[in-house]
Amino acid sequence: MSTNLRIPGPTPCPPDVLAAAAGEMINHRGPEFAELQERLTAGIQPFFGTDQEILLITASGTGAMEAAIVNTLSVGDKALCVTVGSFGDRFGTIAERYGADVTRSDIEWGEAATPELVAELIQQDEYDALLITHNETSTGVTNSIGKIAAAVREVADPLIIVDAVSSLGSIEMRMDDWGLDAVVTASQKGWLSPPGLAMAALSERGWAAAKTSTMPSFYFDLTTHHEYAERGQPPWTPALPTMYAMDAALPMLIAEGPEAIYARHHRFASWTRSAAKALGLELLADERYASDTVTAIKVPEGMTGSAVTKRLREDHDVVIAGGQGKLAASIWRIGHLGYLDEGEFAACFSALQQALVAEGFSAAEGAVIPGIDG
Ligand SMILES: *Cc1c(COP(=O)(O)O)cnc(C)c1O
């Protein structure tokens with residue numbers, strides 16, 4: 001049996017996807033590549049909820065975040081970075097590094113950004129852009145991006161730049177309806193695929209901003225990506241194996257359909273939360289904004305989080321994540337995005353119970369873990 005990988009990315013891939021990734025290389029300036037690119041972008045587009053072009057970038061998610069920043073902002077632009085965790089912090093740091101004038105609003109980790117608060121903050125200066133995370137993987141919190149964008153648009157008109165790396169393809173995204181200007185994601189989260197391919201889309205306003213942007217960019221220049229894409233080519237040598245994998249994964253996602261996919265993620269998320277509670281554990285995020293792709297669980301007082309993850313890994317071949325940044329030692333995180341197998345989850349919860357008991361957490365002893373539908 002292979003390792004039961006329950007981290008929030010990279011996520012396990014279906015066998016057919018892994019087999020596809022092993023395919024022979026092709027000429028990325030030839031007709032087969034043009035067809036591959038066409039299939040991928042057409043398949044990805046509905047999940048973004050946009051009529052705009054989907055740009056394929058060879059990078060991890062951070063590369064796409066950087067692309068979103070350097071193409072839409074200019075040096076000295078005022079950006080409000082509303083951050084609810086470490087990925088939100090990273091967004092602000094990228095913008096600062098490239099010369100934006102960033103104001104950070106740090107929301108307590110484990111909490112969500114509310115539409116009211118963001119609307120209030122955006123009025124405190126003449127902001128050119130709002131940087132915000134859709135699903136904060138470090139805390140297991142989903143921001144209601146649609147509602148936040150609507151509240152912001154009522155009072156101001158910044159570019160709205162969204163990190164949807166760990167939500168897109170797993171949680172609903174309606175880029176055009178919500179009026180978002182840049183949205184990015186990456187293959188190794190909800191897309192049943194290995195790392196290596198990032199995806200981005202810009203709104204018309206986003207493209208207009210790209211025309212006048214004074215931030216330096218080369219590799220991540222989306223105008224260059226767009227010009228090449230028109231000819232059916234990537235600007236630089238692409239991660240072909242990851243693209244082959246996506247080419248095998250997308251038909252699976254399309255056959256299931258976005259609504260069913262979102263419902264499936266919600267079921268597994270609810271199950272994970274119920275299992276954690278049944279084991280006597282507390283969740284970091286309130287159920288109202290708890291993520292459907294990753295659950296953060298508090299390490300009980302007096303326990304060492306890493307002792308449990310070590311036991312899971314060594315005794316059960318189950319891999320879960322610890323926290324990041326200031327929550328490094330105080331939470332565990334279980335990923336439930338992408339390829340979700342009921343048996344693997346049941347095994348993960350049962351292993352967690354045994355590891356907790358072995359570490360002296362008596363509340364988990366004899367606990368009955370519910371099945372997927374309660
Ligand atoms: C995974 C992730 C990223 C990007 O991380 P990479 O390691 O660069 O792929 C960015 N934002 C969020 C919310 C993520 O979950």
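Enumerate the pairs (first residue in the range 111-130 and open to solvent by 30 Å² or more (accessible area, probe 1.4 Å); second residue anywhere and of a type in the set (Phe, Trp, Tyr)) with beta-carbon separation below 8 Å, excluding pairs fewer than 6 apart on the same chain, so at least 6 apart or on different chains.
111/289
Does residue 3 fit the bill of being closer than 24 Å to residue 166 by Cα, of a type in the set (S, T, N, Q) and touching a Pro at 6+ places or on another chain (Cβ under 8 Å)?
So residue 3 fails the test.
Of all residues in the range 53-86 being more than 16 Å from the ligand (Cβ to nearest atom) and touching a Phe, Trp or Tyr at 6+ places or on another chain (Cβ under 8 Å), which is nearest to residue 328 (Cα to Cα)?
Checking each candidate, the answer is 80.
In the range 87-118, how many are closer than 22 Å to residue 291 by Cα and away from the ligand (no atom under 14 Å from the Cβ)?
11
For the range 146-160, which positions are more than 16 Å from the ligand (Cβ to nearest atom) and over 13 Å from residue 206 (Cα atoms)?
Listed by number, the residues that qualify are 146, 147, 149, 150, 151, 152, 153, 154, 155, 156.
So how many residues does the range 161-196 have that are over 22 Å from residue 269 (Cβ atoms) and either away from the ligand (no atom under 13 Å from the Cβ) or open to solvent by 10 Å² or more (accessible area, probe 1.4 Å) (or both)?
Count: 10.
Counting only residues that are closer than 19 Å to residue 221 by Cα and in a helix (DSSP H, G or I), how many does the range 36-80 have?
Here the count works out to 14.
For the condition more than 21 Å from the chain's Cα centre (by Cα) and not aromatic (Phe, Trp, Tyr), what is the one hit in 325, 302?
Details: 325 fails: more than 21 Å from the chain's Cα centre (by Cα).
On inspection, the qualifying residue turns out to be 302.
Restricted to the range 1-35, and to residues that are of a type in the set (Val, Ile, Thr) and touching a strand residue (DSSP E or B) at 6+ places or on another chain (Cβ under 9 Å), which residue is surrounded by the fewest Cβ atoms within 10 Å (Cβ to Cβ)?
Once the filter is applied, the top-ranked residue is 3.
Within the set of pairs 6 or more residues apart or between chains, which connect a residue that is at negative phi inside the range 58-69 to a residue that is within 6 Å of the ligand (Cβ to nearest atom) and among the β-branched types (Val, Ile, Thr) with Cβ atoms less than 6 Å apart?
Every condition considered, the pairs that remain are 61/165.
Being at pLDDT 95 or above, assigned to a loop (DSSP other than H, G, I, E, B) and in contact with a Phe, Trp or Tyr (Cβ under 6 Å, 6 or more places away or on another chain) narrows it down to one of 23, 9, so name that one.
On the way: 9 fails: in contact with a Phe, Trp or Tyr (Cβ under 6 Å, 6 or more places away or on another chain).
Just one listed residue meets the conditions, 23.
Any residue in the range 345-365 that's without any contact (Cβ under 8 Å) to a residue 12 or more places away in the chain: show its pairings with residues that are part of a helix (DSSP H, G or I) and open to solvent by 10 Å² or more (accessible area, probe 1.4 Å) at Cβ separation under 6 Å, as long as the two are six or more apart or on different chains.
365/357
Could you please find all residues in the range 329-343 being farther than 16 Å from residue 10 by Cα and open to solvent by 40 Å² or more (accessible area, probe 1.4 Å)?
Of everything in the range 329-343, those that are farther than 16 Å from residue 10 by Cα and open to solvent by 40 Å² or more (accessible area, probe 1.4 Å) turn out to be 329, 330, 342, 343.
The values are calculated or read from the model by the stated rules, or taken from the named source; none is laboratory data. Here the structure is a predicted model, which means the values were calculated and not measured. So basically every Cβ, Gly included, is an ideal-geometry build from the backbone, and we count neighbours across all protein chains shown. These area figures cover heavy atoms from the full protein model, side chains too; ligands, DNA and RNA do not enter into them. Shrake-Rupley method; radii C 1.70, N 1.55, O 1.52, S 1.80 Å.
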